[in-house]
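The values are calculated or read from the model by the stated rules, or taken from the named source; none is laboratory data. Note that the structure is a prediction, hence the values are computed from the model and not measured. Note that each Cβ is placed from the backbone with ideal geometry, even for glycine, and that neighbours are counted across all protein chains shown. Remember, those area values only see protein heavy atoms, side chains included, never the ligands or the DNA or RNA. Shrake-Rupley method; radii C 1.70, N 1.55, O 1.52, S 1.80 Å.
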Amino acid sequence: MTLTELIQRIQHSFGKGGSKDEAKSRLLLVLQDDRLGLTAEEKEALRQDILEAIRKHLKIDAEGFTMEFVSSPTDQNKMHVSAPVQVGRGPANFSK
Amino acid sequence: MSGRAIVVTSGKGGVGKTTATANIGLGLASQGKKVVLIDGDIGLRNLDLILGVENRVVYNIVDVVSGRCQPRQALVKDKRISSLFLMPASQIDEKDAINTDQMRDLSAQLKEEFDFVLIDCPAGIEQGFRNTVAAADEAIVVTTPDVSPVRDADRVIGLLQSSLGEPQLIINRMSMDMVKRGDMLDQQDVLDILAVRLLGIVPEDEAVVIAGNKGAPVVLNGGSPSGDAYGRIARRILGEDVPIPELNGHNSLAKRLGRILFGR
Ligand SMILES: Nc1ncnc2c1ncn2[C@@H]1O[C@H](COP(=O)(O)OP(=O)(O)O)[C@@H](O)[C@H]1O
Ligand SMILES: [Mg+2]
């Protein structure tokens, strides 16, 4: 028995490491989506609005801007927005 | 008298609604309650077969709502427990042969005479679902611990919340072996996901299939794990505080060690 095998068996004996963890995280994610009930267009509109809102105050890289929904047993029902802020010299806010 | 009308529903088909309806009905009736089961699966009649009364069906629910007979003429009395009756579905009519108002009226009428009106809901969330839900005061949602039934259960729970409020959940076909291996969602996982009240857990059990063959639901013969589970569920519905046996895959340390060292 290799060490990884032993670790897997230990995890298994605690009911961990089996396929149910995957089932649970996939369900949490898909159900969040089902429950939100947003269409693709609505999500895109939300993405655009958030992007615009941030850009009013900060210089960000639109290419790297992402918005995604996450849900896991430890981190339930969150929307993660990631915006690469371009920090130059001087104040962050700028005039267009 | 006004009884309680309870719909047994799931979204997904084949998860055990009809089996649950038959067993809960018999369980409640054997506790001395007057119970009528309505087979709401118009066009796909099955509850008569599971109960073993298929030979005595004369009229059906469509005959009743269309005025071809009185409700009491259509009711089939159980031979084993005299306080249990079945309102059979029609096998030949379409799903929309009954409308929501007719179903609601029939349920209201039956509630006058029975302590419990249990309604077996068809699969899906269309007309048949809406009819049976409209006829009920409370709902029981049945799911198995698999991804598709759980997802569909969530959808149904969402739909029910706006009409009947929070349903209670039965998790059916739980396999302890699989839970212990970490290959099946356990009760806590399902509750984390669906966030509803748990009414009971029914194990995977061959006895259910045998009971189906014979038309003698498991709850009638004590001793099978599924029959005992349905007996407890019936008592919980009557308000008794019957603990739910822990079916979370926890092993003893010795078993764990054995499994770690020697495999399964
Ligand atoms: N606890 C159980 N263990 C084993 N088989 C089961 C169990 N519950 C239901 N079944 C089987 O699953 C199938 C579908 O059950 P049924 O009650 O007809 O589901 P539904 O009414 O939701 O379509 C049947 O063949 C039944 O015997
Ligand atoms: Mg059925």
* Structure fact -> Expected output for the stretch A:57-73 (first residue within 14 Å of chain B (Cβ to nearest Cβ), partner assigned to a loop (DSSP other than H, G, I, E, B) and at pLDDT below 90, Cβ below 9 Å, 6+ apart or cross-chain) is A:Ser71/A:Asn77
* Asked: Does B:Val15 satisfy the criteria of being closer than 30 Å to B:Ile210 by Cα, part of a loop (DSSP other than H, G, I, E, B) and touching a Pro at 6+ places or on another chain (Cβ under 8 Å)?
  -> yes
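Yes/no matrix, rows are residues, columns are (1) surrounded by 19 or more Cβ atoms within 10 Å (Cβ to Cβ); (2) without any contact (Cβ under 8 Å) to a residue 60 or more places away in the chain; (3) in a loop (DSSP other than H, G, I, E, B):
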residue: B:Ser107; (1), (2), (3): yes, no, no
residue: B:Lys111; (1), (2), (3): yes, no, no
residue: B:Val117; (1), (2), (3): yes, no, no
residue: B:Pro122; (1), (2), (3): yes, no, yes
residue: B:Arg130; (1), (2), (3): no, yes, no
residue: B:Asp154; (1), (2), (3): yes, yes, no
residue: B:Gly158; (1), (2), (3): no, yes, no
residue: B:Leu169; (1), (2), (3): yes, yes, no
residue: B:Asn172; (1), (2), (3): yes, no, no
* Conditions: (1) under 27 Å from A:Leu36 (Cβ atoms); (2) more than 14 Å from chain A (Cβ to nearest Cβ); (3) crowded, with 17+ Cβ neighbours inside 10 Å. B:Ser163 meets all but one. Number of the miss? -> (3)
* Per-region count, the stretch B:99-112, residues touching a helix residue (DSSP H, G or I) at 6+ places or on another chain (Cβ under 9 Å), within 18 Å of B:Arg130 (Cα to Cα) and of a type outside the set (D, E, K, R) -> 6
* Residue pairs meeting the criteria (Cβ under 6 Å; at least 6 apart or on separate chains; first more than 7 Å from chain B (Cβ to nearest Cβ), in the stretch A:21-38; second open to solvent by less than 50 Å² (accessible area, probe 1.4 Å) and at pLDDT below 95) -> A:Ser25/A:Ser72; A:Leu29/A:Ser71; A:Gln32/A:Phe69; A:Gln32/A:Ser71
* Structure fact -> By residue number, the members of the stretch B:24-47 that are surrounded by fewer than 24 Cβ atoms within 10 Å (Cβ to Cβ) and away from ligand 1 (no atom under 14 Å from the Cβ) are B:Ser30, B:Gln31, B:Gly32, B:Lys33, B:Lys34
* **For B:Asp96: the one exception among (1) of a type outside the set (Ser, Thr, Tyr); (2) within 26 Å of B:Gly158 (Cα to Cα); (3) in contact with a helix residue (DSSP H, G or I) (Cβ under 7 Å, 6 or more places away or on another chain); (4) within 16 Å of ligand 1 (Cβ to nearest atom)** => (4)
